[in-house]
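J.: Got a structure for you, questions after.
The values are calculated or read from the model by the stated rules, or taken from the named source; none is laboratory data. Bear in mind that the values here come from a model prediction, so they are computed numbers and not experimental data. Heads up, the Cβs are rebuilt from the backbone with ideal geometry, glycines too, and the neighbour counts pull from every protein chain shown.
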Amino acid sequence: MREEYIVMSKYTWKPGDPVEWKPLNGKYYPNYFDGGSWGPRMEGQEYIPWYSWYPGSKYTGTTAKLVPQPNNVRDFFDRGWTYNNNTAFSQVGNIFNIRAIVGNIVSKVIFRPHR
């Protein structure tokens, strides 16, 4: 098991980069392609999320805070479910064409009481 966290890289804007990226100059970003890591240690630091690089978005050139979320393990395993069942019958004859569809949806939704 890997015990080290990945190191964040510092972005330096240079001529030729999109102008929208100028606000990201001097900010840090994780290695988005490191599939063997849980990411950097979450200590509330500012970082460049993946969506900041896409031009034309309202999030282009923005940063976010890397903050751990409370109860994220519990929330991951506490989930609902949905079943969607459908059956269709059809019959075609010389002077008719009939189709009947029967379906139902059953869901278990998670509601948490407000505290």
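J.: Going residue by residue through region 87-108, is there one that turns out to be among the charged types (D, E, K, R) and modelled with pLDDT under 90? Don't jump to the end; show me each part of the working.
T.: Taking region 87-108 as the starting set, the residues that turn out to be among the charged types (D, E, K, R) are 99, 108.
If we keep only those that are modelled with pLDDT under 90 too, we end up with 108.
For region 87-108, residues among the charged types (D, E, K, R) and modelled with pLDDT under 90: present.
J.: From the residues in region 10-51 that are more than 16 Å from Ala64 (Cβ to Cβ) and of a type in the set (Ser, Thr, Tyr), which one is surrounded by the fewest Cβ atoms within 10 Å (Cβ to Cβ)?
T.: Filtering first and then ranking leaves Thr12.
J.: Is it true that Lys65 is of a type in the set (D, E, K, R) and outside any strand (DSSP E or B)? Spell out how you get there, then give the answer.
T.: Working: of a type in the set (D, E, K, R): yes; outside any strand (DSSP E or B): no.
Judged against the criteria, Lys65 is not a match.
Per-residue answers, yes or no, for (1) in contact with a helix residue (DSSP H, G or I) (Cβ under 8 Å, 6 or more places away or on another chain); (2) part of a loop (DSSP other than H, G, I, E, B); (3) at negative phi; (4) at pLDDT 95 or above:
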| residue | (1), (2), (3), (4) |
| --- | --- |
| Arg2 | no, yes, yes, no |
| Tyr5 | no, yes, yes, no |
| Thr12 | no, yes, yes, yes |
| Tyr32 | yes, yes, yes, no |
| Gly36 | no, yes, yes, no |
| Arg41 | no, yes, yes, no |
| Ser52 | yes, no, yes, no |
| Pro55 | yes, yes, yes, no |
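J.: Right, another one. Among the residues of region 24-51, which ones are within 14 Å of Ser9 (Cβ to Cβ) and hydroxyl-bearing (Ser, Thr, Tyr)?
T.: Once the filter is applied, which keeps residues that are within 14 Å of Ser9 (Cβ to Cβ) and hydroxyl-bearing (Ser, Thr, Tyr), region 24-51 yields Tyr28, Tyr29, Tyr32, Ser37, Tyr47.
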